[in-house]
1. For residues in segment 1-26 being of a type in the set (A, V, I, L, M, F, W, C) and surrounded by 12 or more Cβ atoms within 10 Å (Cβ to Cβ), which is farthest from the chain's Cα centre (by Cα)?
2. In segment 47-72, which residues are in contact (Cβ under 8 Å) with a residue 40 or more places away in the chain and either exposed (fewer than 13 other Cβ atoms within 10 Å of the Cβ) or among the aliphatic types (A, V, I, L, M) (or both)?
3. Filter segment 1-46 for residues that are part of a loop (DSSP other than H, G, I, E, B), under 24 Å from GLY61 (Cα atoms) and free of Cβ contacts under 8 Å to residues at least 40 places away in the same chain and give the result.
4. All but one of (1) surrounded by fewer than 16 Cβ atoms within 10 Å (Cβ to Cβ); (2) under 17 Å from GLN21 (Cα atoms) hold for SER38; state the number of the condition that does not hold.
5. What number of residues within segment 53-68 satisfy the criterion of being within 14 Å of the chain's Cα centre (by Cα) and part of a loop (DSSP other than H, G, I, E, B)?
6. So, in segment 52-81, how many residues would count as being within 17 Å of SER5 (Cβ to Cβ) and either touching a Lys or Arg at 6+ places or on another chain (Cβ under 8 Å) or modelled with pLDDT under 95 (or both)?
Amino acid sequence: MHQGSALDWSTDVGSLTDRAQFQRTQAHVDDAIARGASVLAGGAARSDLGPLFFAPTVLAGVTEEMLCAREETFGPLVASPSPTRWPSRSSRPTPGTTG
């Protein structure tokens, strides 16, 4: 994936839209790491590209207690649980109001 600020088809991932979205993405990643998730890719700001760029991030070992499992991030974050940690999706209630 190519990340950048071009307004054409040369980039796959652009910047976040505002500071609040950036801070929310950073908070979700920081919370997951602090609670034991592993970063498989990304996980950090890309200040070399601009103030609102965040690297596309893949987290493994995400648990239900982590913010990224309970809230929408609206950033470039994929949160993957350990298969044995959560019950099947069909038997687990969706937390929160945004589903």
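The values are calculated or read from the model by the stated rules, or taken from the named source; none is laboratory data. Bear in mind the structure is a predicted one, so any value in this text is a computation, not a measurement. Neighbour counts run over all protein chains shown; Cβ positions are idealised from the backbone, glycine included.
1. In this case the residue turns out to be VAL13.
2. Passing the criteria: LEU49, ALA55, LEU67.
3. ARG35, GLY36, GLY42, GLY43, ALA44
4. Unmet condition: (2).
5. Looking only at that region, the number is 5.
6. Residues that pass the stated criteria total 5.
Listed here are the residues, each with its yes/no results for (1) of a type in the set (S, T, N, Q); (2) within 25 Å of GLU65 (Cβ to Cβ).
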position	(1), (2)
GLN3	yes, no
ALA6	no, no
ASP12	no, no
ARG19	no, no
ARG24	no, yes
VAL39	no, yes
GLY42	no, yes
ALA45	no, yes
